[in-house]
Amino acid sequence: MALNQDLIRVATEQIKQGLDGKMKRMESLREHYDLYNNKVVEVDSDVFNIPFPFLANHIDQYLSNIDDPPTLTFKIPNKPSLSDKVQAAWQQEMSSSRSGWKRKDRAEKKMALLCGRGISKIYADSVDNKYQSHYDLVDPYSFIADPTRGRLEDGNYNGETNIFKTTASLKRGAADGFYDKEAVGQLLNRKDTMLDGDHEVVQKKFDRIKALGVDVERASFAGQTGVNMTEWIMRFEGVWHYLFFDPSSGIAVRTKPLKEVFKSGKTPFTSWATHYDEYAFWTKATADDVFPLAEGMRFLLNNALENEKRRTRPMRLVDSGSLVDINELQEYIPDNVVLRNPGKDPNIVTLETPDARLTIDVVKYMDSLTQTKTGLRDKSIEEKDAKVGVYFGTLQEEADRIGIINKEYSESYADKGYNFFWGLRQHLTKDKQVEMLGKRGMKLQMLSRFDLADVDDVDDVIVSGGSRDKELDAIQSERQLNVIKELTAAYPDKMNPHWVIKSSLRKADYDEDDVQEALDSEMTLNRELMEEADQAIQDILLGKQPDLNHGADQNFLQRIFDFVRDEVNYIKLDKQGNQIGIDQKQKDLSDRLMAYFTAHESIVLQNVQRKARRLVNQQLEVQLLQPPQGAQQPVGIQPPGKQELRQGVTQPFESPAGTPAGTASASQIISQRLA
């Protein structure tokens, strides 16, 4: 209890210092959001005041260049199959429209471009024994971290404030043993809890929404009672702790060592900076570079419009005694007649307003300067072909500049992946079905908590991909295709045609099945039959027993055999690569697949024999209709036996088959035992 009180006391002081340290920065962020959301600055009503979207355009253009989430590869020692399953589970979460991870990823990047920091929380839970992963964005106004360190792990504290918990949810958590029941009772009975949250933080959030013209005070009614809590991660006397508490009352409903809440022992929060500083958390944003120029251009353009208005409607000096009613000049009325006193000359003098054309030139220069210095140019300019020539060098230059941000962003994704892995390991209670891309297409696999039980940790999480990398890869692929075309044209006899076809199709993003079908010039590969083999494999993976396929051929068996060889590894190895046992679950899967394989041997044998006889008959018909000079009698072809069929399946299926000559050649090789 004494330790808990010490933790609460220190955490409360840390929150106070963290809030004080970032408030000035939060004021700058408010200005960024106001300008991005085109909030109109208050000026005299008759003066031009258009919120030109220079900042918004720049931020959106930057976002469009880094808006693709990267790909993660998980490295687990001596468990390549498990690594692939975890990667498939991650990809499944990222692709799910219901979980909205891609949408949150884009929102986090926009937050970072405007604020300098992208902040999120990656974790999992198993409520009602059901695994659920979470990707929650964290508002920078609500987040507090040690301001003297750039990485969360290097600082002494980090956490999120203003987490609204209803009275009902607090009571339910206490009843389930998740929260301390006594502490919840004390919290709900007090009057000094943070019911409305920290005023300064909440006001900054409201100001950001108000910039869009939303009356947030009237629209934010929750309709239920509750408390704004704080989730706090802190290092105290060398040990990381977790607190969920109300700072104003000093009551914590949950206080535990961090490793008891998150088994990884690491904070669930991840954060990255667009301009990283090892010794500062709140650093500048991309918006900080553009904001002064955008404000300047906004001012100059409004000034130019005001100048043009004054040129078309200039002020004039007039002798007041020359007019019957001088006030008639105050307002413009079309076709109006102003009466003049007889014999009085009005002596009208026009006050000229200087030409502001130079202002427009200055704005154009500032806009060009912004694009040049940030590495983002209008791609509609100067490029006739966006895939060749100088554009590649320009794109590479832009990628290098944006790469500074992308590298920080990518490293944060490694942290996201690490938290995701530990969420799986801690909360996966039931088998999870994942879709994996193997050498023979997509396959369904089951990820079990037993698969993760003996894994101490993930060795590494490798990040790759992203929109800029894809764009550069596309250009690189086109260059390689052009080289292949040039070499094939110059040296047709020296190029391997199979390699040329495979490489060209793969560079064009055709999958392996498409490549193999394209190389099957004899049309022996039945794509529909391959899909049926894939479905049978998936059924077996899910514990079902598929029916026999009476149309099966050698390629059908080859498909199953290749999957067992490439995807089902039941040999257990230690960290040194030595065999230490058998994975019985994988061994059973291999046995069931091979049993299904064996059950089709007689069917395939009959189908091959039937096909061989049909081809021989076709050859005889051709010879009878058009017998060539000196033609020999057709050779009797013995159909293959089961042993030869097994041997044939283990060979690549690109071998010639499907023609009389091809079938005869294959049959002569495999028919010796039946002769």
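The values are calculated or read from the model by the stated rules, or taken from the named source; none is laboratory data. Computed from a predicted structure; not experimentally measured. We place every Cβ from the backbone using ideal geometry, glycine too, and count neighbours over all the protein chains shown. Areas reflect the complete protein model, heavy atoms only, side chains present, ligands, DNA and RNA absent. Shrake-Rupley method; radii C 1.70, N 1.55, O 1.52, S 1.80 Å.
For the residue pairs 85/502; 85/416; 256/407, the alpha carbons lie more than 23 Å apart in 85/502; 256/407.
With the convex hull of the Cα atoms taken as the outline of segment 523-601, the averaged projected area works out to 6.1 nm². Here segment 51-79 and segment 1-44 have alpha carbon centers that stand 26 Å from each other. Compared with the alpha-carbon gap, the fully stretched path from residue 128 to residue 50 is longer by 22.7 nm at 0.36 nm per residue. Residues 488, 267, ordered by accessible area of protein heavy atoms at a 1.4 angstrom probe radius and largest first, appear as 488, 267.
Rounded to the nearest 20, the Cβ-based charge dipole of segment 1-110 about its Cα centre (Lys and Arg +1, Asp and Glu -1) stands at 720 debye. Of the three principal axes defined by the Cα atoms of segment 211-370, the extents in descending order read 99, 45, 24 Å.
The calculated FRET efficiency for the pair residue 625 and residue 518, based on their C-beta separation and a Förster distance of 35 Å, comes to about 0.60. Computing FRET efficiency as 1/(1 + (r/R0)^6) for residue 263 and residue 224, where r is the C-beta to C-beta distance and R0 is 51 Å, gives about 0.95. Length gained on full extension, residue 362 to residue 4, computed as 0.36 nm times the residue gap minus the Cα-Cα distance: 122.7 nm. The convex hull around the C-alpha trace of segment 1-136, projected and averaged over every direction, spans 14.9 square nanometres. Applied to segment 75-83, the Karplus parametrisation 6.51 cos²θ - 1.76 cosθ + 1.60 on θ = phi - 60° returns per-residue 3J(HN,Hα) values of 9, 10, x, 6, 9, x, 5, 5, 4 Hz, with x for Gly and Pro. Put a dot 7 Å past each Cα toward the Cβ at residue 305 and residue 341; how far apart are the dots in nm? Modelled inter-label distance: 4.2 nm. Evaluated over the Cα positions of segment 532-576, the convex hull gives a direction-averaged projected area, one quarter of its surface, of 4.1 nm². Summarising the amide proton neighbourhood of residue 251: residues at separation of 5 or more, or on other chains, whose placed amide H is nearer than 5 Å comprise 246. Close amide H partners of residue 270, meaning residues 5 or more places away or on another chain with modelled amide H under 5 Å apart, are 120, 121, 122. Relative to one another, the C-alpha centroids of segment 233-301 and segment 153-173 are positioned 14 Å apart. Note the full-extension length gain between residue 106 and residue 156 as 0.36 nm times their separation in residues minus their Cα-Cα distance, in nm to one decimal. Residue separation times 0.36 nm, minus the Cα-Cα distance, leaves 15.1 nm. Eigenvalues of the alpha-carbon gyration tensor of segment 478-625, scaled by 5 and square-rooted, set the equivalent ellipsoid semi-axes at 34, 29, 13 angstrom, largest first. To the nearest 10, the accessible area of residue 501 is 70 Å² with a 1.4 Å probe.
Cross-link check: pairs 266/544; 110/165; 181/263 evaluated at a Cα-Cα cut-off of 31 Å; pairs beyond the cut-off: 266/544.
Treating r as the C-beta distance of residue 588 and residue 479 and R0 as 51 Å, the FRET efficiency rounds to 0.60. Placing a pseudo-label 7 Å from each Cα along the Cα-to-Cβ vector at residue 17 and residue 42 gives an inter-label distance of 3.7 nm. Cross-link pairs exceeding 25 Å in C-alpha to C-alpha distance, out of 16/39; 102/171; 309/364, comprise 16/39; 102/171. Spacing of the modelled spin labels on residue 316 and residue 348, each 7 Å from Cα toward Cβ, amounts to 0.2 nm.
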